[in-house]
Amino acid sequence: MDFGLSTEQEALRDDVAHFIKENVTPAVMAELESSLEGGRGPNYDALMQKVSERGWVGISWPKEYGGQGGSRIDQYIVEEEFARVGIGVGGAGSGAPAILMAGTEEQKKEFLPGLLNGSIIFALGFTEPQAGADLAGLQCRAVRDGDDFVINGQKMYTSAAHYATHIYMMCRTDPEAPRHKGITILLVPMDTPGITVRPLWTIQNDPPAPVGTTYGMPRTNEVFFEDVRISVSTMLGEENQGWYVGAMGLNLDRVGASRYLISVRRDEDIINWVKENKVDGHSLADDPAIRDKLAELWIEAQVCRLMTLRSMSIVERDGNFTYEGAAEKVWAPEHGVRTTETISQILGPYAQLLNGSEEAIEDGLFAHNLMGSFQSGINHGSVQVMRDQMARRGLGLPRG
Ligand SMILES: Cc1cc2nc3c(=O)[nH]c(=O)nc-3n(C[C@H](O)[C@H](O)[C@H](O)COP(=O)(O)OP(=O)(O)OC[C@H]3O[C@@H](n4cnc5c(N)ncnc54)[C@H](O)[C@@H]3O)c2cc1C
């Protein structure tokens, strides 16, 4: 088996790396720095326009919906290079794969090109105050009224809701049915009357995490729905089948490169810092214990990368994966925690100082990464729940 990239793929990687060198300017980075709540600036938008003109956005998506009809591996190569500078070019979240699989032709044409060019942004409206890991317990109600649904209830931890154009949400449409069978997915415009968004500030908010932080989002949200009336045409898939559509979207999103990509810049930042800095006059890179630790982490990152490539090739072949996405969703966040803990051990107490402190290292980047690494083990399916999926679907063990 050959794990290497083909000559064409290596050429693509070089091309992207060269483009980044030329086009990701300090002005772009400054805009990213000041736009952690999702707002963009003209330099960033111009960069994304160029990336799109190169055909590097949505490489693996079908051409008729704005993509390139190319391979996932090519898309991954582009995403990996951009991850090195902390820029995401692929992530349309779990809504896009769900629409590709279950959407009507009209929905595919309405949403997919916009999700690619950034004119449509989805917030993910799954979690509720009483339904997180136990998502099937969700209570937000959508009641059918002729050709409309009327939504009442609350969503929680709805990241991006304050700038999203739509919320891709799960609602309970049949309270009498077994829990998984009475849920429907709706694609609701955020400007529909009756929707209120309230900020939920995260641990990364004060002081705001610097660009490049793993899960540096300073804000997520609570979203309230009061008699929100929308057409049944906003329904994705069949009524009361939303659980299966949503789970499929989450699974496909998990096997994207997104989990591994989080570690690319974080791990390289640490290795570079160790190479370039001394503590008490001693080069950290010369210390055998540190070298050993970093080599171990690098190997872990390669395992993560290979798991990602394997999942992508399964999806490309026939999409028949069962536990692989869950395994990635355990490995990648736990690798993140180990990496950020290791840098804390190497750098000692200074690694814990946040930006704003005179002694903070790299503007508090490592301290924010440490906090962020714990979040990534919870959101999008917690590592405990993922382990349960691996046990049942991968190992055939009985439900716990
Ligand atoms: C920063 C951030 C952003 C988020 N963004 C979004 C978003 O955009 N949209 C969205 O819908 N949600 C979002 N979430 C919510 C996230 O998906 C939930 O936090 C997650 O599903 C866990 O739910 P909970 O917080 O209610 O914890 P709980 O469900 O109360 O779980 C608490 C702990 O108990 C463990 N646990 C629970 N049940 C079991 C079990 N049966 N077996 C073993 N362990 C179990 C969990 O693994 C977890 O560690 C976000 C969360 C965070 C932290």
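The values are calculated or read from the model by the stated rules, or taken from the named source; none is laboratory data. Everything numeric in this text was worked out from a predicted model, so none of it was measured. Methodologically, a virtual Cβ is constructed for each residue, glycine included, from the backbone with ideal geometry; neighbour enumeration extends over all protein chains shown. Note: accessible area is taken over every heavy atom of the protein model, side chains too, but ligands, DNA and RNA are not part of it. Shrake-Rupley method; radii C 1.70, N 1.55, O 1.52, S 1.80 Å.
Quick notes on this structure:
- Partners for Lys293 among aspartates and glutamates (Cα-Cα distance below 13 Å; same-chain residues under 8 apart left out): Asp267, Glu341
- Taking only the C-alpha atoms of the chain, Rg followed by Dmax gives 21.5, 75 Å.
- Share of carbon and sulfur in the accessible heavy-atom surface of the chain [1.4 Å probe, %]: 51
- Net charge dipole, the chain: roughly 880 debye, given to the nearest 20, about the Cα centre with Cβ charges of +1 for Lys and Arg and -1 for Asp and Glu.
- For the chain, the residue among Leu116, Ser373, Ser231 whose Cα projects farthest onto the positive side of the dipole built from Cβ charges is Ser231.
- Put a dot 7 Å past the Cα of Asp148, heading toward its Cβ, do the same for Asn240, and the two dots end up 2.4 nm apart.
- Each residue of region 384-400 is assigned a 3J(HN,Hα), and the resulting list reads 5, 5, 5, 4, 4, 5, 5, 4, 7, 7, x, 9, x, 7, x, 4, x Hz, derived from the Karplus form 6.51 cos²θ - 1.76 cosθ + 1.60 (θ = phi - 60°), x at Gly and Pro.
- Using the Cβ-Cβ distance between Val303 and Met101 with R0 set to 22 Å, the FRET efficiency works out to roughly 0.15.
- Between the listed residues Thr127, Ala17, Ser159, the Cα displaced farthest toward the positive end of the dipole of the chain, a dipole computed from Cβ unit charges relative to the Cα centre, is found at Thr127.
- Scattering curve values for region 122-240, log₁₀ I(q)/I(0), Debye with Cα scatterers, q = 0.10, 0.20, 0.21, 0.24 Å⁻¹: -0.31, -1.04, -1.13, -1.39
- Mean separation of Cα contacts under 8 Å (6+ apart) over length of region 207-313, as relative contact order %: 27
- 5 angstrom amide H check on Ile167, placed H, neighbours 5+ away: Ala123, Val188, Met190
- Stretched out straight at 0.36 nm per residue, the stretch from Glu226 to Lys50 would grow longer than its current Cα-Cα span by 59.3 nm.
- Spin-label proximity, Ala136 to region 178-203 - amide N less than 20 Å from point 7 Å beyond Cα toward beta carbon: 178-186
- Estimated from helices alone, the mean residue ellipticity of the chain at 222 nm is -14000 deg cm²/dmol (sum of -39500 (n - 2.57) over DSSP H runs with n ≥ 4, per residue).
- Net dipole in debye of region 7-90 [+1 Lys, Arg Cβ; -1 Asp, Glu Cβ; about Cα centre; nearest 20]: 100
- Bridging of Lys63 to lysines at a Cα separation below 21 Å is possible for Lys50, Lys108, Lys109, once same-chain residues fewer than 8 apart are set aside.
- Relative contact order (%) - criterion: Cα under 8 Å, at least six apart; region: the chain: 14
- Residue-normalised accessible area of region 308-398, expressed per residue, 1.4 Å probe, Å²: 47
- If R0 is taken as 56 Å, the Cβ-Cβ distance between Tyr323 and Ala27 corresponds to a FRET efficiency of 0.80.
- Length gained when the stretch Ala17-Lys278 is fully extended (0.36 nm per residue, less Cα-Cα span): 91.0 nm
- The length gained by stretching the chain between Arg387 and Glu268 to full extension, at 0.36 nm per residue less their Cα-Cα distance, is 40.1 nm.
- Karplus-derived 3J(HN,Hα) values for region 351-358, using 6.51 cos²θ - 1.76 cosθ + 1.60 with θ = phi - 60°, are 5, 8, 7, 8, 4, x, 8, 4 Hz; glycine and proline are entered as x.
- Amide H contacts under 5 Å for Asp148: Val232, restricted to partners 5 or more places along the chain or on a different chain, H placed in the peptide plane at 1.01 Å from N.
- Computed over neighbours whose Cβ is under 15 Å from that of Ser233, the net charge equals -4, Lys and Arg +1, Asp and Glu -1.
- For region 246-311 and region 45-109, distance of Cα centres in Å: 24
- Average accessible surface area per residue within region 122-240, 1.4 Å rolling probe, Å²: 43
- Degrees separating the helix 7-23 axis from the principal Cα axis of the chain, which is the longest one: 80
- Förster radius 41 Å - calculated FRET efficiency between Ser6 and Arg399, Cβ distance, rounded to 0.05: 0.45
- Whole-angstrom gap from region 159-218 to region 345-369, using each part's C-alpha centre: 31
- Beta bridges per DSSP, both residues in the chain: antiparallel share near 85 percent.
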